[in-house]
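**Student:** Handing you a structure now.
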Amino acid sequence: ELFVPERGDLDGILVGGPSPTKDEFLDGDYLHHELQDQVLGKFDVAYTDESGLYDLVDKAEDALADAEVMKDKQEMEEFFKELNQGDLATYGFEPTRKNLVMGSVDRLLLSEDLRKDVVVYDCGDAEAFEFVDQREDTPEHTCDDGSTAEVVEREDAIEHLMNIADQRGTETKFISTDFEKGEQLKSAFGGVAGILRYSTGV
């Protein structure tokens, strides 16, 4: 009963132990029925001390990876549904950043293979931004009045966006590229997207 109220916060349950013991545990009435659905797998583990826990995690590596990809797929399915049928999707660096600053992003979706920097420029009464490959030199930026902007800073795009997300109470999700829609996030949307709390028109 201990974990039932927190079941929504559980990513999954791994069960390990000697063959008969773990089977008896799962077949018996030891685990609440709502937690049974969150069992990712059962694994043969010889020890019941701390070393047994490490052994369990090692043996469950594939199951854990599959569970992570499944969660990523659910996030991307929701994103594409909103993109095609709704109005709660944002993508690309500039629109997603604007929505983040507004506090309208519920979940920030970042490709785990994102390798970009954000260059911040001073244009007098406003800041400007460039989204550049990490291997590129820092480009010059022309302000709206035609003047050349001064570089304020250059930082990793993930850190830049996550800092804003943290300030606005937005959850950040890193999306694997090991499935088609995860690869599309990187290749078609620049590795940056979001699911909104409400429509902003941005």
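Where a number appears in this text, it was derived from the coordinates with a stated rule and is not lab data. Computed from a prediction, not measured in an experiment: that's the story for all the values here. Here the Cβ positions follow ideal geometry from the backbone for every residue, glycine too, while neighbour counts run over all protein chains shown.
**Student:** Need the failing condition index for Glu171 against (1) in contact (Cβ under 8 Å) with a residue 40 or more places away in the chain; (2) in contact with a Lys or Arg (Cβ under 9 Å, 6 or more places away or on another chain); (3) exposed (fewer than 14 other Cβ atoms within 10 Å of the Cβ); (4) over 27 Å from Ala65 (Cα atoms), just the number.
**Tutor:** So Glu171 meets the others, but not (4).
**Student:** Does Ser104 satisfy being polar (S, T, N, Q) and in contact with a Lys or Arg (Cβ under 6 Å, 6 or more places away or on another chain)? Write out each step before concluding.
**Tutor:** Numbers: polar (S, T, N, Q): yes; in contact with a Lys or Arg (Cβ under 6 Å, 6 or more places away or on another chain): yes.
Answer is yes for this residue.
**Student:** Give all pairs with beta carbons closer than 8 Å in which a residue from the stretch 71-99 that is in contact (Cβ under 8 Å) with a residue 24 or more places away in the chain and within 17 Å of Gly201 (Cβ to Cβ) meets a residue that is part of a helix (DSSP H, G or I) and among the aliphatic types (A, V, I, L, M); count only pairs at least 6 apart in sequence or on separate chains.
**Tutor:** Correct list of pairs: Ala89/Leu83; Tyr91/Leu83; Thr96/Leu161; Arg97/Leu161; Arg97/Ile164.
**Student:** Quickly run through the stretch 79-131 and pick out the residues that are among the charged types (D, E, K, R) and farther than 19 Å from Gly190 by Cβ. Please lay out each step first, then the result.
**Tutor:** We begin by selecting, within the stretch 79-131, every residue among the charged types (D, E, K, R); these are 81-82, 87, 94, 97-98, 106-107, 112-113, 115-117, 122, 125, 127, 130.
Scanning the stretch 79-131 gives Lys81, Asp87, Asp106, Asp122, Asp125, Glu127.
**Student:** Another question, then. For the stretch 104-130, what are the residues that are surrounded by fewer than 15 Cβ atoms within 10 Å (Cβ to Cβ) and within 16 Å of Gly182 (Cα to Cα)?
**Tutor:** Arg115
**Student:** Restricting to the stretch 79-103, count the residues that are of a type in the set (Asp, Glu) and in contact with a strand residue (DSSP E or B) (Cβ under 6 Å, 6 or more places away or on another chain). Before the answer, list the steps.
**Tutor:** If we filter the stretch 79-103 for residues that are of a type in the set (Asp, Glu), which is where we start, we get 82, 87, 94.
Now narrow it down to the ones that are in contact with a strand residue (DSSP E or B) (Cβ under 6 Å, 6 or more places away or on another chain): 82.
Residues that pass the stated criteria total 1.
**Student:** Checking Gln36 against (1) over 23 Å from Lys173 (Cα atoms); (2) surrounded by 13 or more Cβ atoms within 10 Å (Cβ to Cβ): exactly one of these is not met. Which one?
**Tutor:** Gln36 satisfies all of (1) over 23 Å from Lys173 (Cα atoms); (2) surrounded by 13 or more Cβ atoms within 10 Å (Cβ to Cβ) except (2).
**Student:** Any chance you could count how many residues in the stretch 62-80 are crowded, with 20+ Cβ neighbours inside 10 Å and hydrophobic (A, V, I, L, M, F, W, C)?
**Tutor:** Number of matching residues: 2.
**Student:** Step by step: first the residues of the stretch 81-103, then only those that are among the hydrophobic types (A, V, I, L, M, F, W, C) and surrounded by fewer than 16 Cβ atoms within 10 Å (Cβ to Cβ), then the one that is nearest to Leu114 (Cα to Cα). Which residue is that?
**Tutor:** Taking the stretch 81-103 as the starting set, the residues that turn out to be among the hydrophobic types (A, V, I, L, M, F, W, C) are 83, 88-89, 93, 100-102.
Filter once more, so that each one left must be surrounded by fewer than 16 Cβ atoms within 10 Å (Cβ to Cβ): 101-102.
Numbers: Val101: 20, Met102: 23 Å.
The extreme case among them is Val101.
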